[in-house]
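Below: one structure, written as structure tokens.
The values are calculated or read from the model by the stated rules, or taken from the named source; none is laboratory data. All values derive from a computational prediction rather than experimental measurement. Every residue, glycine among them, receives a Cβ derived from its backbone with ideal geometry; neighbour counts consider all protein chains shown.
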Ligand code: PMP
């Protein structure tokens with residue numbers, strides 16, 4: 001009577017499954033555009049110099065491996081609070097909780113919505129990062145979707161989005177928004193559109209939940225916060241789930257935060273106490289190392305300057321790859337115009353490739369693309385751009 005013998009096999013994660021297949025592929029020309037991490041020109045996900053420097057300092061200065069408080073390391077919390085909110089919101093209206101990555105932040109935020117704000121439903125953009133659905137469902141929050149991408153699969157259906165937010169929601173529902181660099185499409189609202197979105201969220205009495213996983217990967221640290229700041233200006237309450245996996249290159253260190261904005265200090269304190277209850281029964285308290293790295297960098301002017309330079313380098317490289325790819329495709333006879341990629345933000349874009357074309361790209365050329373046609377621009381090998389464009393043109397013709 002073995003209890004585990006009848007456990008069914010779960011389907012593999014679609015994207016991580018491709019990573020495994022890529023690793024097993026023996027073709028030397030293979031190229032991986034499916035993963036969700038930044039790669040530099042030599043194809044590696046680098047450790048930033050500012051991170052290495054902070055780690056050296058931490059080795060010397062760390063005195064204990066004792067537990068952090070349930071809501072995380074205090075100096076980390078105040079540093080990232082400044083990064084996310086600046087001076088826009090009074091500090092005593094913010095409940096700040098360190099979380100294990102953006103995923104951990106979203107999970108705790110989802111549980112908070114499910115337990116404390118019921119019968120809140122969480123509206124997700126269509127499409128969205130696949131894990132949003134899974135996280136919110138595991139957290140016990142009912143999930144709905146709102147229109148986001150237009151039928152051309154390369155631009156925002158802004159009218160559709162607004163009318164869904166107006167017509168499908170009830171007051172008290174939550175709306176998840178990608179603060180910048182929408183994953184998987186790369187399609188972001190303009191500053192003017194954010195104004196309108198914030199107005200609708202506020203007038204409908206919705207709770208904005210901002211997933212802020214790519215600050216600095218779109219147009220720069222400040223510019224990427226414009227949507228978030230617009231929402232904060234118009235809404236008294238909000239939840240911001242931030243991640244420092246991408247912009248500090250700290251993927252495996254699991255560094256994120258929940259910043260809950262309440263309308264008054266007492267509500268912020270009560271919300272913080274409930275967030276701590278959720279953390280306690282979930283993972284008890286967060287890991288120290290990654291947060292200590294971020295706090296060390298942000299507390300030091302020199303290291304902060306170095307970080308901003310390195311972040312700019314990543315952002316500029318992605319922009320240049322977009323340009324080179326669009327130029328390369330323009331040289332392919334009969335290939336469609338890819339200049340829409342230049343308007344999109346962040347590492348990802350919908351290429352317009354169908355699942356069948358993505359399959360063919362993999363089997364025939366060893367170029368790995370997610371079935372939705374999402375490409376990670378940072379995975380492109382700039383030295384073999386013409387080859388890549390030839391392969392893409394090959395499956396499109
Ligand atoms: N939100 C979005 C939109 C993401 O793309 C990701 C990472 N792929 C996350 C959140 C979670 O990031 P983390 O690795 O910090 O959990």
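At-a-glance table
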quantity: Among (1) over 17 Å from residue 345 (Cα atoms); (2) touching a strand residue (DSSP E or B) at 6+ places or on another chain (Cβ under 6 Å); (3) touching a residue at least 40 places away in the same chain (Cβ under 8 Å), the one test that residue 177 misses; calculated: (1)
quantity: Pairs, first in contact (Cβ under 8 Å) with a residue 12 or more places away in the chain in the range 126-139, second within 10 Å of the ligand (Cβ to nearest atom) and in a helix (DSSP H, G or I), C-beta under 6 Å, six or more apart; calculated: 135/106; 135/107; 139/107
quantity: Residue among 267, 225 that alone is within 16 Å of the ligand (Cβ to nearest atom) and either surrounded by fewer than 24 Cβ atoms within 10 Å (Cβ to Cβ) or in a helix (DSSP H, G or I) (or both); calculated: 225
quantity: Residue count, the range 174-190 (criterion: over 21 Å from residue 103 (Cα atoms) and either away from the ligand (no atom under 16 Å from the Cβ) or part of a strand (DSSP E or B) (or both)); calculated: 1
quantity: Test: residue in the range 3-23 that is within 16 Å of the ligand (Cβ to nearest atom), assigned to a loop (DSSP other than H, G, I, E, B), in contact with a helix residue (DSSP H, G or I) (Cβ under 9 Å, 6 or more places away or on another chain) and touching a residue at least 60 places away in the same chain (Cβ under 8 Å); calculated: no
quantity: Residues within the range 358-382 that are more than 21 Å from residue 24 (Cβ to Cβ), in a helix (DSSP H, G or I) and modelled with pLDDT of 95 or more, tallied; calculated: 2
quantity: Residue match in the range 280-290 (condition: more than 24 Å from the chain's Cα centre (by Cα) and either under 17 Å from residue 33 (Cβ atoms) or not in a loop (DSSP other than H, G, I, E, B) (or both)); calculated: yes
quantity: Yes/no for residue 308 being more than 22 Å from the chain's Cα centre (by Cα) and at pLDDT 95 or above; calculated: no
quantity: Residue match in the range 197-211 (condition: assigned to a loop (DSSP other than H, G, I, E, B), on the phi > 0 side of the Ramachandran plot and surrounded by fewer than 19 Cβ atoms within 10 Å (Cβ to Cβ)); calculated: yes
quantity: Of the criteria (1) closer than 25 Å to residue 345 by Cα; (2) without any contact (Cβ under 8 Å) to a residue 40 or more places away in the chain; (3) touching a strand residue (DSSP E or B) at 6+ places or on another chain (Cβ under 7 Å), which one residue 104 fails; calculated: (2)
quantity: Any hit, the range 254-262, residues being within 16 Å of the ligand (Cβ to nearest atom) and surrounded by fewer than 23 Cβ atoms within 10 Å (Cβ to Cβ); calculated: yes
quantity: Selection from the range 43-57 of residues that are touching a residue at least 60 places away in the same chain (Cβ under 8 Å), farther than 30 Å from residue 377 by Cα and either touching a strand residue (DSSP E or B) at 6+ places or on another chain (Cβ under 6 Å) or exposed (fewer than 15 other Cβ atoms within 10 Å of the Cβ) (or both); calculated: none
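The rows are residues; the columns are (1) touching a helix residue (DSSP H, G or I) at 6+ places or on another chain (Cβ under 7 Å); (2) closer than 21 Å to residue 265 by Cα.
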position: 96; (1), (2): yes, yes
position: 102; (1), (2): no, no
position: 115; (1), (2): no, yes
position: 125; (1), (2): no, no
position: 129; (1), (2): no, no
